[in-house]
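Structure record follows, encoded as structure tokens.
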Amino acid sequence: MKSVWAQRKALFLGALVLPVAMSTMAFGNEPMSPQKMWLSCENGRDYPIHPLAVSREYDLVTGYLLTTGHGRGVHLRLVPMGSGYRYAGPGVWFDGLRGDAVLNWGRPDAVACHVMQE
């Protein structure tokens, strides 16, 4: 059994590496590297995602959806769902399954997006 210090160190290292995979995307046993993540939407815009925390399975737990407006962006949290995922914050959320997502701004004009990673 790992010590509490070893667990915290591993969690901190995992947060630095940020191998963010949305929902059930699996990476296998390959080494992880830092990744840039964003939503590339059909409205022609890209929305960067700044992860704050990831799970032991390397799923995004919480972060910021960065917009072109002023400030840090919109804080999002993972909302447990039966299948797929939902990340919700004040006035915005996106639902999806693996690399496909739908971005909602609280208006009827939802935008289809793809989750992109470098």
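The values are calculated or read from the model by the stated rules, or taken from the named source; none is laboratory data. In this text, all values refer to a predicted model and were calculated from it rather than measured experimentally. Here the Cβ is made from the backbone with ideal geometry for all residues, glycine too, and neighbour counts use every protein chain on show.
What do you reckon, is TYR47 in contact with a Pro (Cβ under 9 Å, 6 or more places away or on another chain), part of a strand (DSSP E or B), at pLDDT 50 or above and on the phi < 0 side of the Ramachandran plot?
no
Before we move on, is SER55 more than 19 Å from GLU118 (Cα to Cα), small (Gly, Ala, Ser) and at pLDDT below 90?
Against the criterion (more than 19 Å from GLU118 (Cα to Cα), small (Gly, Ala, Ser) and at pLDDT below 90), SER55 qualifies.
So in segment 27-44, with the set limited to residues that are modelled with pLDDT under 75 and of a type outside the set (Ser, Thr, Tyr), which one is nearest to GLU118 (Cα to Cα)?
Across segment 27-44, the extreme among qualifying residues is GLN35.
Checking the condition modelled with pLDDT of 90 or more and closer than 22 Å to GLU118 by Cβ, which residue from LEU60, LEU78, LEU13, LEU66 passes?
LEU78 is the lone residue from the list that is modelled with pLDDT of 90 or more and closer than 22 Å to GLU118 by Cβ.
Across segment 81-118, which residue is surrounded by the most Cβ atoms within 10 Å (Cβ to Cβ) among those that are of a type in the set (S, T, N, Q) and assigned to a strand (DSSP E or B)?
Here is the first cut: in segment 81-118, the residues of a type in the set (S, T, N, Q) are 83, 104, 117.
Still in the list and also assigned to a strand (DSSP E or B): 104, 117.
Numbers: ASN104: 17, GLN117: 14.
Out of the qualifying residues, it is ASN104.
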